[in-house]
């Protein structure tokens, strides 16, 4: 007979009090009635934080707990895996009673356009890649110069003279599996220039890091509407 395995996310604890069952994090407490003795025969979450059972009796309950960000389903093979590189972020969100795996999925699916890959834009790119964003549109027409290396840390001495968009795209590929990156090697001098960068694409977030006031004002108006 096959069995189901569910994992209780880090940051959540279980206890029983006066016949009711509670799941509690630093920010939330969820109360449940009924008999959970088969799930927690020792009255506590196991050391490996995994719940194993053969019956479908608790299926609906566990699905509801999954929607609350408390547990997640693991088949037998998955249960043997150690958290992958995303686990730190997943655990961070789970710690606050959120569904970390759901949030990471939403982040990885987001489409982000960055205008300008200089002192601010390159740092923003670093953090977005660290957060797991996979889909980018990069807009900049500058080449890497020696003076950039002091504050723009994704660029290196051997890359001086190369396009910032090209090097930024390679930076993303080093850390993200199967990213989707579109680049525009262009300056923004007009409304038409801006329109071309978003033509035929859908963006969830626009990060404006250019240092040309007229164009920045237009971009703010465009994305702020």
**Q.** Simple spin-label estimate for residue 149 and residue 204 in nanometres, 7 Å along Cα-Cβ
**A.** 3.6 nm
Q) Which length gain, in nm to one decimal place, applies between residue 105 and residue 31 when the Cα-Cα distance is subtracted from 0.36 nm times their residue separation? A) 23.9 nm
Q: Provide the percentage of antiparallel DSSP beta bridges, counting only those with both residues in region 110-224; round to the nearest 5.
A: 5 percent
Q. Taking neighbour Cβ counts within 10 Å as the exposure measure, how do 142, 211 sort from fewest upward?
A. 211, 142
Q) Which ordering of 154, 32 is given by a fewest-first count of other beta-carbon atoms within 10 Å? A) 32, 154
Q: May I ask you to compute the full-extension gain from residue 193 to residue 131, defined as 0.36 nm times their residue separation minus their alpha-carbon distance, rounded to one decimal in nm?
A: 19.4 nm
Q: Mind running the shape call on region 110-224? Use the C-alpha gyration tensor, a ≥ b ≥ c as the square roots of the eigenvalues: rounded below 1.5 for a/c, prolate if a/b tops b/c, oblate otherwise.
A: oblate
Q) How many nm is it between the label spots at residue 57 and residue 177, if each spot is 7 Å from the Cα in line with the beta carbon? A) 3.7 nm
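Every number in this text was worked out from the coordinates using simple rules, so none of it is lab data. Just so you know, these numbers come straight off a predicted model, no measurement behind them. For neighbour counting, all protein chains shown are included, and Cβ atoms are generated from backbone atoms with ideal geometry for every residue, glycine included.
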